[in-house]
Amino acid sequence: MTTIVLVRKNNEVVVAGDGQVSMGNTVVKSTASKVRKIEKRDVVAGFAGSTADALTLFERLEAKIEKHAGNLSRAAVELAKDWRTDKYLRRLEALMAIGDKENSYIISGTGDVLEPEGDVIGIGSGGNYALAAGKVLMGTEMSAEEVAKKAIEVASEICVFTNNNIKVEKI
């Protein structure tokens with residue numbers, strides 16, 4: 001797994017993730033990028049789960065966003081429906097945290113499109129640690145990017161499947 005955190009603060013939306021890729025109990029890569037920005041539509045996304053599966057989902061998400069003229073809510077619902085019902089996609093194992101200037105969602109392979117309460121989302125093996133840290137840090141003067149980075153750092157000190165090689169995308 002991995003750790004992804006999405007933070008909304010002061011009109012900024014930031015997604016951050018660690019760089020660790022594990023196979024069982026072995027770290028095979030420490031510099032992976034699990035966050036992406038869809039420049040054309042000002043959308044940021046991060047994934048937790050199988051890398052190949054997540055890359056497939058990023059491509060599908062981007063296509064859905066284009067098809068629905070940048071409407072992230074509609075694109076998220078359509079991706080989740082495909083993910084749940086498509087014979088190939090339903091075998092993919094990943095979670096996605098996505099956001100634009102107005103909305104943030106968690107999308108799962110079971111067809112869930114969740115709009116969490118609050119301005120912090122955490123997913124992956126260290127997601128709950130990052131979520132807790134992010135919620136506490138939201139009350140400080142830190143920027144959205146600083147909150148996201150620190151939340152991943154906290155998770156990396158607790159979760160063995162998370163490192164502190166942090167990648168960030170923001171809008």
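Which entries of LYS67/LYS150; LYS9/LYS40; LYS29/LYS81 have Cα-Cα distances beyond 26 Å here? All intermediate terms of the calculation are to be shown ahead of the outcome.
Details: LYS67/LYS150 35 Å; LYS9/LYS40 22 Å; LYS29/LYS81 32 Å.
Too far apart for the 26 Å limit: LYS67/LYS150; LYS29/LYS81.
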Next on the checklist: Over the chain, with a Gaussian network built from C-alpha contacts below 10 Å, which listed residue (ASN71, ASN128, ASN11) shows the highest mean-square fluctuation?
Outcome noted: ASN11
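Give me GLU141, GLU93, GLU169, GLU153 ranked fewest to most by other Cβ atoms within 10 Å of their Cβ, as a rough exposure proxy.
Details: GLU141 6, GLU93 13, GLU169 22, GLU153 17.
Going from least to most buried by this count: GLU141, GLU93, GLU153, GLU169.
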Checklist entry - Taking the chain as a Gaussian network, where each spring joins two C-alpha atoms under 10 Å apart, which residue of MET138, MET96, MET23 fluctuates the most? => result MET23
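Rank these for me by crowding, ILE106, ILE65, going from fewest to most other beta carbons within 10 Å.
Working: ILE106 21, ILE65 24.
Placing the least packed residue first, the sequence is ILE106, ILE65.
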Checklist outcome for this item: Helix-only [θ] at 222 nm, the chain, -39500 (n - 2.57) per DSSP H run of 4+, per residue, nearest 500, equals -11000 deg cm²/dmol
Checklist outcome for this item: Cα extents of the range 1-60 per principal axis, largest first, Å, are 39, 25, 14
Item to check | For the chain, with +1 on Lys and Arg beta carbons and -1 on Asp and Glu, the positive-most of THR162, SER104, PHE47 along the dipole | outcome: PHE47
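If you put +1 on each Lys and Arg Cβ and -1 on each Asp and Glu Cβ, how big is the dipole of the range 3-170 around its Cα centre, in Debye rounded to 20? Present the calculation step by step, with values, prior to reporting the outcome.
Numbers: 23 positive and 24 negative charges, 86 e Å.
Dipole about the Cα centre, nearest 20: 420 debye.
For the range 29-101, count all C-alpha to C-alpha pairs, find those more than 14 Å apart, and express that count as a whole percent of the total. Intermediate values should be presented prior to the final figure.
Details: 1506 of 2628 pairs.
Roughly 57 percent, once rounded to a whole number.
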Item to check | Residues VAL5, VAL44, VAL28, sorted so that the one with the fewest Cβ neighbours within 10 Å comes first | outcome: VAL28, VAL44, VAL5
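Only the coordinates and a few stated rules stand behind these numbers; no lab work does. Everything numeric here is computed off the predicted structure, so don't read it as measured data. Reconstructed Cβ throughout: ideal geometry from the backbone, glycine too, with neighbour counts over all protein chains shown.
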